[in-house]
Amino acid sequence: MRRPTSIRRVAARVALMSLLAAASGVAGPLPAQADIAEFGPAAPANPHTAPAGGASTHGDSASSKTFTGRGPAGGSVTVRRSTLLAACPTLLHGSDGVLLGLCTQVLGQAPVLHVLDRATGDSRASLPIAKGSLLGGVYAYLDDANRVVIVDGNRDLLRIAHTGNSLAVTQRLSLASVIAASDAVVGVLPTYDGRVWFVTEGGTVGAVNTTTGETFRHQLPAGEKIGNSISTVPGHIAITSDHALYLFDTATRSLLWRYAYDRGPARKPGQLSWGSGATPVFFGPGTGYEYVTITDNDDPHMNLVVLPTGGNGTPRCVQPLFTNQGASGTENAPVAAGRSVFVTNTYGYDYPALPEGAGDSVPADASFVGGVARIDVSATGCAITWSTTTPSAALPRLSVTDGKLYTVIQQAGAFYSLAAIDARTGAVSDRTLLGSILVNPLQTAGTSIGGSYYQGNVTGLTVVTPTA
């Protein structure tokens, strides 16, 4: 999910959702109910968020987009669709198993927080959020008390608790002293020392101690915008602007290095703005955060860029992707676990509208072919393990238990199916028809709870539940 523009890239993604009211193969037998060592370990749990998997739209504070436990692949399922008259790009769940959705209403395009019924996807309670730039509807997180933490349109940091079928703001902290009135928060996430960090569209990087009120502010170079969320692991926080990747030391709040990626000559079709579409992702085979990765916007083919977290900003590799196609690019952050990184190709994806100020793409239009690739990282570089043309229309999530990447694929005639992709081979093992245009996920992430899979779409929520 994601993305800078001269106005508001993330807000635009939610707003454009609201405008709407293959590869195949046979997988082997399911592995035992235990996490697959190949896809681990995860970064240490952040003590200030809910458990990994449902703590943020990217799953955890490292933004790995992984989860433990099986998804719904390998058996019969039922599909239910709730109509909330809202686009729901962010689904969260904590230690209590309650499913929450940050959605944007079709009428008025105002953000609303919902408590959602896990069986039906219907709303059991809702709370409007101050509209501002709509950014509260995408990047937020659940804290260690299962409270939603967001920054609203008034530049207030909110903690919102849920009890039964009710929602209530339990903390309100103004950030107006460190955020300009003309600016808006894009991403918010706590570091492991408990400070809450945030980034704004205008290039402000900030942090606040929510107990003492102490704040920190760092301004990126003039002209740099931020439209992606942030990621954090012990000692570090990573930030992507539309020009560069940044790594900060969270103890000293100092900049460790800046890597200027190749942003290409212009926005590509299938992207919402000019620059990287990737929230940075931490991963690694030892600690779970030896590396940090993004995609760039090189022309004609994007690259996966992997940098050692403990280095000086020199990449381990810059790996071209989908070079068997005429061009490639993405609006999605990678999925990463162990030594493996998974990237989707959104080049040519047909968004129903573009954000104001996005500018013309080069070329003006292109067909959406799609693609998913696995890249493995070693001590000497990177290598592509497999690459397909599977047309992923959602941001995938990886089960480290059953070894499947869960996503929604776009089929001919604007039909959409939940698909399970074997992470070891790239073969599609399962397809479940979800519907047509009203269930379009527009490259947003789903989530899994107890074997069921939940996917936000342009009108509400789709629920896929095992029947056996």
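The values are calculated or read from the model by the stated rules, or taken from the named source; none is laboratory data. Predicted model, so just to flag it, every value in this text is computed and none were measured. Heads up, the Cβs are rebuilt from the backbone with ideal geometry, glycines too, and the neighbour counts pull from every protein chain shown. These accessible areas exclude ligands, DNA and RNA; they are computed on the full protein's heavy atoms, side chains included. Shrake-Rupley method; radii C 1.70, N 1.55, O 1.52, S 1.80 Å.
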What are the radius of gyration and Dmax of the range 65-205, computed over its Cα atoms and given in Å? 15.9, 54
Estimated FRET transfer efficiency (T323, A266; beta-carbon r; R0 22 Å; 0.05): 0.65
Modelling each spin label as a point 7 Å along the Cα-to-Cβ direction, I'd like the S166/D360 distance in nm, to one decimal. 5.7 nm
Roughly to the nearest percent, how much of the accessible area of the range 31-97 is carbon and sulfur, given a 1.4 Å probe? 56 percent
For the chain, with only Lys/Arg (+1) and Asp/Glu (-1) charged at the beta-carbon, what is the dipole magnitude about the Cα centre, in debye rounded to 20? 420 debye
So for the range 203-276, what are the equivalent ellipsoid semi-axes in whole Å, largest first, each being the square root of 5 times an eigenvalue of the Cα gyration tensor? 26, 13, 11
In the chain, with Lys and Arg counted as +1 and Asp and Glu as -1 at Cβ, which of these residues, A260, N440, A244, has the Cα nearest the positive end of the dipole, that is, farthest along it? N440
Relative contact order (%) - criterion: Cα under 8 Å, at least six apart; region: the range 213-342: 19 percent
Please turn the phi angles of the range 154-167 into ³J(HN,Hα) values with the Karplus equation 6.51 cos²θ - 1.76 cosθ + 1.60 (θ = phi - 60°), one per residue in order, whole Hz, x for glycine and proline. 8, 6, 9, 7, 10, 10, 10, 9, 10, 9, x, 9, 9, 10
Size of the chain as Cα extents on the principal axes (Å, biggest first): 56, 50, 45
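Please list 84-91, 300-307 highest first by mean number of surrounding beta-carbon atoms within 10 Å per residue.
Ranked by mean Cβ neighbours within 10 Å, highest first: 84-91, 300-307.
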So, with points 7 Å from each Cα along the Cβ direction, the T68-T467 label distance in nm works out to 3.1 nm
Per the helix-only model, the chain has a calculated mean residue ellipticity at 222 nm (DSSP H runs of ≥4, -39500 (n - 2.57) each, divided over all residues, rounded to the nearest 500) of -500 deg cm²/dmol
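Taking the mean number of other Cβ atoms within 10 Å as a proxy for protection, how do you rank 432-439, 308-315 from highest to lowest? Kindly include the intermediate steps, with their values, before the conclusion.
Values: 432-439: 16.9, 308-315: 14.5.
Order by mean packing, descending: 432-439, 308-315.
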Net charge near A260, counting Lys/Arg +1 and Asp/Glu -1 over other residues with Cβ under 13 Å of its Cβ? -3
Ignoring ligands, DNA and RNA, what accessible area per residue does the chain give at 1.4 Å, in Å²? 33 Å²
Expected sort for 176-182, 108-114 on mean C-beta neighbours within 10 Å, highest first, is 108-114, 176-182
Using a 1.4 angstrom probe and counting only protein chains, how large is the accessible area of C382 in Å², to 10? 30 Å²
